[in-house]
Amino acid sequence: MTKRSPIAVFFLSIFTLGIYIIVWRVKTKGEMNRLGSNVPTAWLMIIPFVNIWWLWEYAGAVEKTTNKALSQVVAFILLALLSAIGDAIIQDAFNKVDLVSRVEVAAA
């Protein structure tokens, strides 16, 4: 996963009125999929009610990517209810992941 500043994720989300949240989620979705997750296309984020299911699937990938440091339920609550703050917390969890061991496990 690309290391990003959680503070930058928060403030860019605020200053762009939420547009950066969409960009960040699309980028991290792609990174998680490259690590073995299976998050569906990001276009589903814009469809009412389907976007809730998409967030649940994304939260499941967060749990897998962070080696259960954040559970799917906690990640979903952060994404759905706390928006910019939640995305910053999730980015902090991504930054703490030991990707060297994840890549070795995926290659085996």
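The values are calculated or read from the model by the stated rules, or taken from the named source; none is laboratory data. The structure presented is a predicted model; accordingly, all values stated were derived computationally and were not measured. Positions of Cβ are backbone-derived with ideal geometry, glycine not excepted, and every protein chain shown enters the neighbour counts.
So is ASN67 of a type outside the set (Ser, Thr, Tyr), surrounded by 13 or more Cβ atoms within 10 Å (Cβ to Cβ) and closer than 22 Å to LYS3 by Cβ or not?
Considered against the rule, which asks whether it is of a type outside the set (Ser, Thr, Tyr), surrounded by 13 or more Cβ atoms within 10 Å (Cβ to Cβ) and closer than 22 Å to LYS3 by Cβ, ASN67 comes out as yes.
Quick grid of which residues meet (1) at pLDDT 95 or above; (2) over 13 Å from the mean Cα position of the chain (by Cα); (3) not small (Gly, Ala, Ser):
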site: SER5; (1), (2), (3): no, yes, no
site: PHE11; (1), (2), (3): yes, yes, yes
site: LEU17; (1), (2), (3): no, yes, yes
site: TRP24; (1), (2), (3): no, no, yes
site: LEU35; (1), (2), (3): no, no, yes
site: VAL39; (1), (2), (3): no, no, yes
site: GLY60; (1), (2), (3): no, no, no
site: SER71; (1), (2), (3): no, no, no
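When region 7-48 is examined, which residues are found to be under 15 Å from GLU63 (Cα atoms) and of a type in the set (Ser, Thr, Tyr)?
The answer is THR28, SER37.
Take the residues in region 2-25 that are among the β-branched types (Val, Ile, Thr), surrounded by 13 or more Cβ atoms within 10 Å (Cβ to Cβ) and in contact (Cβ under 8 Å) with a residue 40 or more places away in the chain; name whichever of them is farthest from ASP92 (Cα to Cα).
Once the filter is applied, the top-ranked residue is ILE14.
Give all pairs with beta carbons closer than 7 Å in which a residue from region 26-54 that is closer than 27 Å to LYS3 by Cβ meets a residue that is at pLDDT below 90 and among the charged types (D, E, K, R); count only pairs at least 6 apart in sequence or on separate chains.
Final answer for the pair search is LEU35/ARG102.
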